[in-house]
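Visitor: Take a look at the following structure, please.
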Amino acid sequence: MKSHLLLVASRFLSWPFFILSIWILYRGHNLPGGGFIGGLVGASGFLFYDLSGYGRPKQGFFSLKPFSFLTAGLGTAVLSGLPGLLAGKGFMTAFWLPGFKLPLLGSVHLGTPLVFDIGVYLTVIGFILLLADTLAEEEKL
Amino acid sequence: MNDLMVIAPILLPLMTLILCLGLEMSGKRTGMVSLISVGVTLAVATGLVMRVASGGTLTMAVGGWQPPFGIVIVADLLAALMVWISAFVVLAVMVYGVKGRGHGHQSGHAQVLIQGLLLGVNGSFLTGDLFNLYVWFEVMLISSFVLMVREKGIKQLGGGLIYVILNLLASAMFLCGAGMLYGELGTLNFADMAVKLSAVDDPAFVNTTGSLLFVAFAAKAGLFPFFFWLPASYHRADPALSALFAGLLTKVGVYALLRTFSLVFTDANGFSSDIILYISMATMIVGVLGAVAQYNVRRLLAFHIISQIGYMVAGIAIGTPLALASVIFYTLHHIAVKTCLFLVGGVLEMRTGSPDIRTHGGFYKTDPWLAVGFLIPALSLGGIPPLSGFWAKLNLMQAGVDTKEWLFIGVGLGVGILTLFSMVKIWNESFWKDAPEGMERNSLWPGKPYAAIFGFCCLTLVFSFYGKFVFGLCEDAADALHDPRVYIESVMGGEDK
């Protein structure tokens, strides 16, 4: 079933969901949220297009393929572990930049655990999209 | 640099996996990258064995969280030897050639999944944490399951389904056992568990959790009565892949048994291990009887795995230093020999187009080198001196004599004769008798099957004629296993770092 209404709505819904997901990803270090939940919310931005029945756009950000997310996500996650090794400590040892204050966000802490979370976030998006693509393919048969 | 070497056997396959995913997306071939990476892993593993043999156990606390709170990667001699042999097996199987269906997305992600398998196997060997072991088991299970069904035939799917269901059931038991342990002890670190469990005076608890873990690992290893998935699935996969599974997967189960039941669930900690010896004897007998009845070459070999696993676990049950050393030697020898036989079986199937050895014949005349490549591992498996299987069995029997397990010795010798008999059966049917009328002889598929088989024959001969050196390594590894304090100190002693 194709819904033109949902297709139009998707254009307005997908970006807010995506931005919301990045916020969830960021706050996850100390509050509920994080890479996994952020990834699920971020993927739902893409899934609005699938639900409309017209499929995802052919160009632009929302046309990115699942495997791009998977590869980038796994790569980012592994990279986040390497600084620890290079410093001669255990793999994935956390390193933090000194905290600073920003309007809206308050005090900001950036470090390798956040990079790892970004990796998880991208991997989850890729995984959900691949799942959706596979299920949609079955439906066509 | 110390730490880098411990974790490199895990990181290398992981990074190659990601690289292969990226290359596949841009439609490039991944075989060469993957092959080189496994070669490097083998080199690193060789270095790891040498360093651990001379300098003792290496550990690394992941994330800088010291044990017992964080996950530790522990490379003792046993783990290092196992990592080495698995890198060797994967390298040889890649040289042998995995059938690809084109490249890029059409490749079925073969290289990605093989790297995933190596990642899971190496992770299982190196981890010092029970729950982390569970995670590596899952990595291994998922990779091997997808590899098994990638041909997308109904046969492969059937085999894969049995494989995945039984292994998931085993995983569920593993998880229950791990959960109970954590609830009681508050730790899942092997070394810490060993210390805390010795203070627990509750035989019901120790035996329940121990049995749950035993059943989980027994199902992975293919012990009686949990082996059904193995002969139902292995022979249905692509020959190269089934050789990979035959070499590695069940041995990870044996490794887990060896680690857990020599360190955590010991008699000293109140675990009643008597039944393990009887289970292993039943495994030996049932496996070899299954093999004797088979005419499908790879299915026959798959039944043999079960029977040989019985020998290894019997050694774990006997538990003296000599028995443990011969278990380790037996495992190394068996991985080399069994993978090689599966590769030869794969060539026979490819050449004749049929797995049934009754329709084969005359390969001794047409492919004398293949015959040699079969004879060396087959005789070794049957325990003919001076090949490696003889030394493995001899030492195990010696350990049996020392502990006066006469029943085990009787079963072991009887099963040895039947093993030899079923090897002779393949030899007679496929190699020795004249080729039946109208037998096809296909040419080989791309890849270098003979190079891989030659490599394994060389390894078998090294195990045979440098048996003293290899067995010396195994004895050192076994001494460390037999005295849990060595392991505990090397893991927990790192706290002041």
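No value in this document is a laboratory result; all are computed from the given coordinates. Keep in mind it's a predicted model, so treat the numbers as computed, not measured. Counting neighbours? That spans all protein chains shown, and the Cβs are built from the backbone with ideal geometry, glycine included.
Visitor: Using the eigenvalues of the Cα gyration tensor, what equivalent ellipsoid semi-axes result for the protein assembly as shown when each is taken as the square root of five times the eigenvalue, whole Å, largest first?
Guide: In descending order the semi-axes read 43, 32, 21 Å.
Visitor: Would you tell me the mean number of C-beta atoms belonging to other protein chains that fall within 10 Å of each C-beta in A:60-70, as a whole number? It would help to have the intermediate numbers written out before the result.
Guide: Numbers: counts 0, 0, 0, 0, 0, 1, 0, 6, 3, 0, 4.
Across A:60-70, the average partner-chain Cβ count within 10 Å equals 1.
Visitor: I'd like the FRET efficiency for residue B:469 and residue B:172, computed as 1/(1 + (r/R0)^6) with the beta carbon distance as r and R0 of 45 Å, rounded to 0.05.
Guide: Working: r = 42 Å, r/R0 = 0.94.
Approximately 0.60, to the nearest 0.05.
Visitor: Taking every residue in B:15-26, how many Cβ atoms of other protein chains lie within 10 Å of its Cβ, on average? Show your work: numbers first, answer last.
Guide: Details: counts 5, 0, 3, 10, 2, 1, 8, 7, 1, 2, 5, 0.
Counting other chains' Cβ atoms within 10 Å and averaging over B:15-26 gives 4.
Visitor: Now for a separate question. Normalised by the residues of segment A:71-141, what does the relative contact order come to in percent, with Cα pairs under 8 Å and at least six apart?
Guide: Details: 78 pairs, mean separation 24.4, N = 71.
Here the relative contact order equals 34 percent.
Visitor: Treating only the Cβ of Lys, Arg, Asp and Glu as charged (+1, +1, -1, -1), what charge dipole size does the protein assembly as shown show about its Cα centre? Round to the nearest 20 debye.
Guide: Working: 37 positive and 35 negative charges, 384 e Å.
Dipole about the Cα centre, nearest 20: 1840 debye.
Visitor: Mind checking the alpha-carbon convex hull of segment A:4-140 and giving the volume per residue in Å³? If you can, show how the numbers build up before the last one.
Guide: Values: hull volume 16.8 nm³, N = 137.
Residue-normalised Cα hull volume stands at 123 Å³.
Visitor: How would A:109, B:360, A:4 line up from fewest to most surrounding beta-carbon atoms within 10 angstrom?
Guide: Details: A:109 14, B:360 23, A:4 10.
Fewest to most other Cβ atoms nearby, the residues stand as A:4, A:109, B:360.
Visitor: Please work out how much length the chain gains when fully extended from residue B:350 to residue B:289, using 0.36 nm per residue of separation minus the C-alpha to C-alpha distance, in nm with one decimal.
Guide: Values: separation 61, 0.36 × 61 = 21.96 nm, distance 2.64 nm.
Here the segment from residue B:350 to residue B:289 would lengthen by 19.3 nm.
Visitor: Within the set A:58/B:28; B:251/B:433; B:338/B:468; A:58/A:101, which residue pairs have Cα atoms separated by over 29 Å? Present the calculation step by step, with values, prior to reporting the outcome.
Guide: Working: A:58/B:28 23 Å; B:251/B:433 34 Å; B:338/B:468 21 Å; A:58/A:101 39 Å.
B:251/B:433; A:58/A:101, as the Cα separations exceed 29 Å there.
Visitor: Sticking with this structure for a sec: Based solely on its DSSP helices, what 222 nm [θ] is calculated for the protein assembly as shown when runs of n ≥ 4 H residues each add -39,500 (n - 2.57) and the sum is averaged over all residues, nearest 500 deg cm²/dmol?
Guide: Values: 24 runs with 458 residues, N = 638.
Calculated from helices alone, the mean residue ellipticity at 222 nm is -24500 deg cm²/dmol.
Visitor: May I ask you to work out the translational diffusion coefficient for chain B at 4 °C, viscosity 1.567 mPa s, via Stokes-Einstein with Rh from the Kirkwood sum over Cα pairs, reported in whole µm²/s?
Guide: Here the translational diffusion coefficient equals 57 µm²/s.
Visitor: Something else: Which translational diffusion coefficient, to the nearest whole µm²/s, is obtained for segment B:112-215 from the Stokes-Einstein equation, given a Kirkwood hydrodynamic radius over C-alpha pairs, 10 °C and 1.306 mPa s? Walk me through the numbers before you get to the answer.
Guide: Numbers: Rh = 15.1 Å.
Roughly 106 µm²/s, to the nearest whole number.
Visitor: For an R0 of 22 angstrom, estimate the FRET efficiency from the Cβ-Cβ distance between residue A:134 and residue A:12 and round to the nearest 0.05. Walk me through the numbers before you get to the answer.
Guide: On the way: r = 27 Å, r/R0 = 1.24.
The value I calculate is 0.20.
Visitor: How high is the relative contact order of chain B, in percent, counting Cα pairs under 8 Å that sit 6 or more residues apart? Provide the component values of the computation, followed by the final result.
Guide: Details: 859 pairs, mean separation 82.8, N = 497.
This gives 17 percent for chain B.
Visitor: Okay, moving on. Across peptide B:59-65, how many C-beta atoms of other chains are within 10 Å of each residue C-beta, on average?
Guide: Details: counts 1, 5, 5, 6, 11, 9, 4.
Per residue, the average neighbour count from other chains is 6.
Visitor: With springs only between Cα atoms under 10 Å apart, run a GNM on chain A and tell me which of A:87, A:72, A:43 wobbles the most.
Guide: For chain A, modelled as a Gaussian network with Cα springs under 10 Å, the answer is A:87.
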